[in-house]
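Please read the structure below before turning to the comments.
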Amino acid sequence: MSEEPACELLIKRYRRGEPSAICELLEAHLSWIALRVREQLSRARLGTIDPDDIVGDVMVQLLKDRDHWKFQSVDDFQGLLIVIGQRVILQRLRFDLAQKRDRRRESPLTVLGQARRGKDSSLVAPVSEEDGPDRLAERNEQAERVRHARSLLPSRENDALEMKLEEELSFAQMGRQLGMSAEGARKLYRRAARHVRSLFRQLDDRRLLI
């Protein structure tokens with residue numbers, strides 16, 4: 001590497017207690033880091049992740065702990081960059097997976113699926129103060145499609161959903177109000193949940209075709 005003598009000098013300065021030397025080392029390796037990050041993302045088939053974001057996070061993590069790193073040579077320093085890059089990519093993957101799980105959990109289809117199994121008491125996930133305008137708009141749109149889907153249900157199925165999800169009645173209590181057994185109320189509720197999920201999908205597909 002043509003800049004290696006200069007980098008070795010920077011490493012000596014860093015080892016003598018000059019933390020600012022690591023900034024110059026980092027600047028000299030920016031192109032190298034970007035290439036290594038792209039290689040790692042390509043091998044892992046992670047084309048949806050922006051390499052520039054990873055490079056930026058590597059720089060932040062390196063500089064944040066710049067007084068504590070231990071390296072003796074350019075090879076050591078480059079090895080450290082690779083390890084930090086791998087760690088950043090893993091953190092990004094975990095964050096993206098968590099975001100996907102949250103979106104699935106907040107989707108009316110998922111919530112209705114949970115409701116079918118008696119695990120949730122709402123049709124649409126509650127609004128959080130941390131939600132941005134795009135997420136709020138998406139939730140409002142989903143809530144409107146759920147309301148539309150419910151308006152298409154037979155009144156008896158809609159009553160079953162309301163009793164279970166909004167009034168949080170037991171199947172025995174529902175049965176008494178509907179004039180049927182608890183088992184009959186459970187079957188009616190599950191049928192209503194399946195029906196509204198199907199209608200929601202149809203409305204969602206129709207929206208995508210418009």
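Key figures
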quantity: Filter pass, residue 73 being hydroxyl-bearing (Ser, Thr, Tyr) and either loosely packed, with under 13 Cβ neighbours inside 10 Å or modelled with pLDDT of 80 or more (or both); calculated: yes
quantity: Residues of region 162-193 that turn out to be in contact with a helix residue (DSSP H, G or I) (Cβ under 8 Å, 6 or more places away or on another chain) and over 17 Å from residue 148 (Cβ atoms), as a count; calculated: 22
quantity: Filter pass, residue 57 being surrounded by fewer than 12 Cβ atoms within 10 Å (Cβ to Cβ) and part of a helix (DSSP H, G or I); calculated: no
quantity: Filter result for residue 10 (touching an Asp or Glu at 6+ places or on another chain (Cβ under 8 Å), assigned to a helix (DSSP H, G or I) and either modelled with pLDDT of 90 or more or surrounded by 13 or more Cβ atoms within 10 Å (Cβ to Cβ) (or both)); calculated: yes
quantity: Some residue of region 128-149 being surrounded by 13 or more Cβ atoms within 10 Å (Cβ to Cβ), under 27 Å from the mean Cα position of the chain (by Cα) and modelled with pLDDT under 55; calculated: yes
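The values are calculated or read from the model by the stated rules, or taken from the named source; none is laboratory data. Everything numeric here is computed off the predicted structure, so don't read it as measured data. Note: ideal-geometry Cβ built from the backbone for every residue, glycine included; neighbour counts use all protein chains shown.
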